[in-house]
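Right, one structure below, let's go through it.
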Amino acid sequence: MKVGCGYDSHRLVEGRRLVLGGVEIPFEKGLLGHSDADALLHAVCDALLGAIGEGDIGTHFPDTDPAYRDIASLRLLEAVAGKTKEAGCLVHHVDATIILERPKLAPFLPQMAVNIARTLEIPGNGVNLKAKTNEGMGFIGRGEGIAVMAVITVTERERP
Ligand code: MG
């Protein structure tokens, strides 16, 4: 069993879509970034890359590469899932906490979990997502951005 942790944050700005876990959420602001800026999927990618000892998302998908401009981050997670298989590992469980003041995410969490579980090819109950506020404190409390923390466990496939 191996464990990986991931963290990501993005700034909330006007004129961008808010996409988390591959779900577009109606809101007056969206996350700023080179890709679709899906902070949840970026944290999950980083956790998974950590678990398999493959560095971080910036190394594999640099934000200076035009190929990743506005890319749906589910494509990045697919690629990381592929690296996980190549490393001989199976994803066991994902747990993530999205920290934001607004909007309320509860109605959208189930679809985000389905998107992650499908992409990682694990059962739906292998993904647990939580959303909470920062009690009005700091950049999150002021609504300037969103942060996500994720933990993933993987098991190494039995070798013949
Ligand atoms: Mg990011």
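Throughout, read-outs are computed from the coordinates displayed, never taken from laboratory work. All values reported here derive from a predicted model rather than from experimental measurement. Positions of Cβ are backbone-derived with ideal geometry, glycine not excepted, and every protein chain shown enters the neighbour counts.
Brief remarks on what is shown
- Mean Cα-pair separation over length for the chain, i.e. relative contact order, pairs under 8 Å, 6 or more apart, %: 33 percent
- On full extension, the segment bounded by E156 and T97 gains 18.7 nm, given 0.36 nm per residue less the C-alpha separation.
- Stretched out straight at 0.36 nm per residue, the stretch from H34 to H60 would grow longer than its current Cα-Cα span by 8.0 nm.
- The charge dipole of the range 4-102, taken about its Cα centre with unit charges on the Cβ atoms of Lys, Arg (+1), Asp and Glu (-1) only, comes to about 100 debye.
- Placing pseudo-labels 7 Å out from each Cα toward the beta carbon at I25 and R11 gives an inter-label distance of 2.0 nm.
- Local electrostatic count at G141 - Lys and Arg +1, Asp and Glu -1, tallied over other residues with Cβ under 13 Å: 0
- Taking every DSSP bridge with both residues inside the range 2-156, close to 80 percent are antiparallel.
- Taking every alpha-carbon pair in the range 61-131 and binning the separations at 5 Å intervals from zero gives 3, 14, 20, 21, 19, 15, 6, 1 percent.
- Only lysine pairs 8 or more places apart or on separate chains count here, and in the chain those with Cα atoms under 24 Å apart total 8.
- Kirkwood hydrodynamic radius of the chain, from inverse mean 1/r over distinct Cα pairs, in Å: 15.7 Å
- Length released on extending from R69 to K132, taking residue separation times 0.36 nm less the Cα-Cα span: 19.8 nm
- Sorting the segments 77-89, 133-145, 37-49 by their mean number of nearby beta carbons within 10 angstrom, highest to lowest, gives 37-49, 77-89, 133-145.
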